[in-house]
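Quick notes on the structure that follows.
Every number here is computed from the coordinates shown, using simple stated rules; none is lab data. Given the structure is predicted, the values throughout are model-derived calculations rather than measurements. Using ideal geometry, Cβ is built from the backbone for each residue, glycine included, and neighbour counts are taken over all protein chains shown.
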Amino acid sequence: MSEKKVVAVTGGKGLVGSRFVSDFSDNYDFVHLDISDPIRPVDITKLDQVMAALNNKEVSAIVHFAAYTDVTGAWKQTGDKSGLAYQVNVMGTESMVAAANELHAQFINISTAYVFDGTKEDLYTEIDTPNPIEWYGQTKALAEEVVQNQARNWVNLRIDQPYRPDAFAKVDVIHRILTSLKDGTLYPQFTDHFFGPTYIPDFAKVIDWTIRTKKTGIFHASSGESWSDYDFARAVALANGSDFDSIKKGHLTEYLKTSERPYQKNTAMSSDKLTKTLDFTLNNVSEVLKVDT
Ligand SMILES: NC(=O)c1ccc[n+]([C@@H]2O[C@H](COP(=O)([O-])OP(=O)(O)OC[C@H]3O[C@@H](n4cnc5c(N)ncnc54)[C@H](OP(=O)(O)O)[C@@H]3O)[C@@H](O)[C@H]2O)c1
């Protein structure tokens, strides 16, 4: 019999989840709940499929990455509770929480800085009140509430603009910048929009830490740094030998005059609460900007 903890994962084929699974495959016995699994597809909105997949397994933790993550697609579904964004993000989370309670498993929910309205001048902390301004953020904030109100043993980990050093099918913020720079299609980069990049290999270690130490509560698990799009794009280009001088400045305030979809002006979060108790150190973003292309 394996001594490893059994950890169930939703969204384990996605940008963030797949890196956690590959980095920690020696540490845990993973049970995958994947909607695109060719043999046993599991739709997280169907509790019977979830329970059938977890049947007879001593699951210690469920790490819930699966989500409808297309923010513009979600915006087009605003208010539609039968739409995929609400169904996957809210109802899917509800059935995963029910499964975790049934199995007495820790529930680790992956959430987002988009639960905030983006008007704060400073870094967002865990005591700031969510006030999402678009449907993706609203569904993720509702999912957090489901977790906090219904799960017996829960963690809400919020991240922002996750990226990884290896190239992946779903393009992250750094690979998008580098590809567009190469093609000459990079839009002017906002100097008045701020975010907190999340280095996925560090975040994978944070998830492992929440399982190892049986943490509970809300944690901001981005880098804890604040970057403007323009400064970030220049630093990324510099770190990867691309032409940073060709990057033009743009302004979110100007862009918003022509966009129907609202954008948060600032999603940078403080990670002080996390780093005070974490048993390893997060990388500085400027030291982990070099990526494979
Ligand atoms: N990416 C970001 O910028 C970002 C920022 C902040 C927070 N987050 C959060 O981080 C988490 C992971 O994001 P990500 O970018 O890694 O996501 P992703 O690459 O878009 O992957 C989402 C995963 O969810 C799965 N999924 C969707 N609907 C499902 C359903 N009904 N049943 C089972 N699985 C389903 C997808 O499965 P298939 O691939 O098989 O369809 C996919 O594996 C999400 O909770 C997201 O909200 C992401």
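If packing is taken as the average number of other Cβ atoms within 10 Å across a peptide's residues, how do 226-232, 169-175 rank, most packed first?
226-232, 169-175
When the dipole is taken about the Cα centre of region 205-293, and only Lys, Arg (+1) and Asp, Glu (-1) are charged at their Cβ, what size is it in debye, to the nearest 20?
420 debye
Excluding the sites themselves, what is the longest stretch of the chain that contains no GluC sites (Glu not before Pro) in a DSSP loop with at most 15 other C-beta atoms within 10 Å?
Excluding the exposed sites themselves, the longest stretch runs over 122-259.
Work through the residues other than R234 whose Cβ is under 13 Å from its Cβ and net out their charges, Lys, Arg +1 and Asp, Glu -1.
Once positives and negatives cancel, what remains is -2.
If a/c stays under 1.5 just call it rounded; otherwise compare a/b with b/c (prolate if a/b is bigger, oblate if not). Do that for region 178-267, with a ≥ b ≥ c from the square roots of the Cα gyration tensor eigenvalues.
Oblate is the answer for region 178-267, as a/c is 1.5 or above yet b/c matches or exceeds a/b.
Return the equivalent ellipsoid semi-axes of region 1-90 as a descending list in whole Å, where each equals the square root of 5 times an eigenvalue of the C-alpha gyration tensor.
27, 15, 10
Based on DSSP H runs of at least 4 residues, each adding -39500 (n - 2.57), what is the mean residue ellipticity at 222 nm of the chain after dividing by all its residues, to the nearest 500 deg cm²/dmol?
So the calculated ellipticity at 222 nm is -9000 deg cm²/dmol.
When DSSP assigns beta bridges and you keep just the ones with both residues in the chain, what percent turn out antiparallel, to the nearest 5?
5 percent
Based on a Kirkwood Rh over C-alpha pairs, give the Stokes-Einstein translational diffusion coefficient of the chain at 37 °C and viscosity 0.692 mPa s in µm²/s.
Calculated translational D: 167 µm²/s.
Round to the nearest 0.05 the FRET efficiency obtained for D26 and N149 when R0 = 45 Å and r is the Cβ-Cβ distance.
0.80
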